[in-house]
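A.B. asks: Here's a structure for you.
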Amino acid sequence: MHARSALFDLYGDHLRTRGDQAPVAAVVRLLAPVGIAAPAVRTAISRMVLQEWLEPVTLPSGRGYRATARAIQRLDEAAARIYHLGDRTWSGSWHLVLLDPIRSRAQRSRLRNELTWLGYAELGDGTWVSPWAPVELTDTLERAGASATTAVATDFDPPGRPVHAWDLSALGEEYSRWLDEVDGSLAALRSCDDEDEADFAARFHLVHEWRKFLFRDPWLPDELLPADWPGRAAAGRFAELAGSLEPGAARFVDRCLAGEATS
């Protein structure tokens, strides 16, 4: 687990409902149970400030860092997908993005990652498709220094062509493997005598591993997925486990933010 991604998980899953901020000392205490050392935490924080994901803030207990408006937008969008929040009723139409030529390979790579995060798949060279029209698209293109034409399509020939832009077979196998391994993985993490800390570490790893699906799963409308889609069972199991671990994890977070010693 990288320190930068751990910080995103911490701010998104725990600090988002606690003012989006925390003292540096508390952040270090919170990431220790998941194996992130203090020097790595501080280095990652500095980089995230430069990238405008975090901003310094003075708190009653000392120096701290707060999520920026840009970070909050990304964290909320991630949470909506992780916990299946909001209305996901599909209109039946497809959103197309036709990118203007981009000369820089690095720029193309960054934009590819961003569009994939938003749930798009490349239908053809420079043409991206999604069943949704994310509001973040305009900001994403602007940050990448890119321009594009967008369009809405309701009919394709062959009809299933957009769905085939994603490798659902491979993704389904990943969900099945996650289901087979998740209980054993969490059991192996519960070696701490402090039950709240153990719940925190287990939930942290659970959400961290589940969050990886956000980069691969476009969260297609249910009517476009196979009847036996393993992602449904995986989502149900994730929600069950996350809910059972949440009370203890929350107590541990509150203790760390209050400056209480942890075992």
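Since every read-out is calculated from the coordinates, none of them should be taken as a lab result. Predicted model, so just to flag it, every value in this text is computed and none were measured. Neighbour counts run over all protein chains shown; Cβ positions are idealised from the backbone, glycine included.
A.B. asks: Can you give me the C-alpha center-to-center distance between the stretch 109-168 and the stretch 178-246, rounded to a whole angstrom?
C.D. replies: Going from one Cα centre to the other spans 27 Å.
A.B. asks: On to the next question. Counting other Cβ atoms within 10 Å, keep those with at most 12, restrict to DSSP loop, and tell me which GluC sites (Glu not before Pro) in the stretch 158-263 are left.
C.D. replies: 260
A.B. asks: Then there's this: How about the stretch 61-153: which GluC sites (Glu not before Pro) there lie in a loop by DSSP and see at most 16 other Cβ atoms within 10 Å?
C.D. replies: Here the GluC sites (Glu not before Pro) that fit, given the DSSP loop and packing criteria, are 136.
A.B. asks: On C-alpha positions alone, give me the angle between the axis of helix 195-211 and the longest principal axis of the chain, in degrees, nearest 10.
C.D. replies: Helix 195-211 sits at roughly 20 degrees to that axis.
A.B. asks: Next question. For the stretch 36-41, take each phi angle, set θ = phi - 60°, evaluate the Karplus expression 6.51 cos²θ - 1.76 cosθ + 1.60, and give the result in whole Hz per residue in order, putting x for glycine and proline.
C.D. replies: 9, 6, 4, x, 5, 4
A.B. asks: Connecting C-alpha atoms closer than 10 Å in a GNM of the chain, tell me which of 95, 164, 14 has the biggest fluctuation.
C.D. replies: 164
A.B. asks: Let me ask something additional. Please find, in a Gaussian network model of the chain (springs between Cα atoms separated by less than 10 Å), the residue of 18, 143, 203 whose mean-square fluctuation is greatest.
C.D. replies: It is 143.
A.B. asks: Ok, one more. Could you work out [θ]222 nm for the chain from helices alone, using -39500 (n - 2.57) per DSSP H run of at least four and dividing by all its residues? Round to the nearest 500 deg cm²/dmol.
C.D. replies: Value at 222 nm, helices only: -16000 deg cm²/dmol.
A.B. asks: Still on this model: Which residue fluctuates most in the GNM of the chain (Cα springs below 10 Å): 125, 167, 180?
C.D. replies: 125
A.B. asks: So how much slack lies between residue 155 and residue 233, counting 0.36 nm per residue of separation and subtracting their Cα-Cα distance, in nm? Working shown, then result.
C.D. replies: On the way: separation 78, 0.36 × 78 = 28.08 nm, distance 3.04 nm.
That pair, residue 155 and residue 233, stretches by 25.0 nm at full extension.
A.B. asks: Residues with amide H under 5 Å of residue 65's amide H, sequence separation 5 or more or different chain, H placed in the peptide plane at 1.01 Å from N; which?
C.D. replies: Long-range HN contacts for residue 65: 22, 24, 57.
A.B. asks: Name the chymotrypsin sites (Phe, Trp or Tyr not before Pro) in the stretch 70-123 that are in a loop by DSSP and that have at most 16 other C-beta atoms within 10 Å, would you?
C.D. replies: On the way: sites: 83, 90, 94, 117, 120; in loops: 83, 90, 120.
Those that pass, being in a loop and sparsely packed, are 83, 90.
A.B. asks: Let me check against my output: what whole-number percent is the relative contact order of the chain, with C-alpha pairs under 8 Å and at least 6 apart? Kindly include the intermediate steps, with their values, before the conclusion.
C.D. replies: Working: 291 pairs, mean separation 53.2, N = 263.
Computed over the chain, the figure is 20 percent.
A.B. asks: Relative contact order for the stretch 167-248: what percent, with Cα pairs under 8 Å and sequence separation of 6 or more?
C.D. replies: Across the stretch 167-248, relative contact order equals 47 percent.
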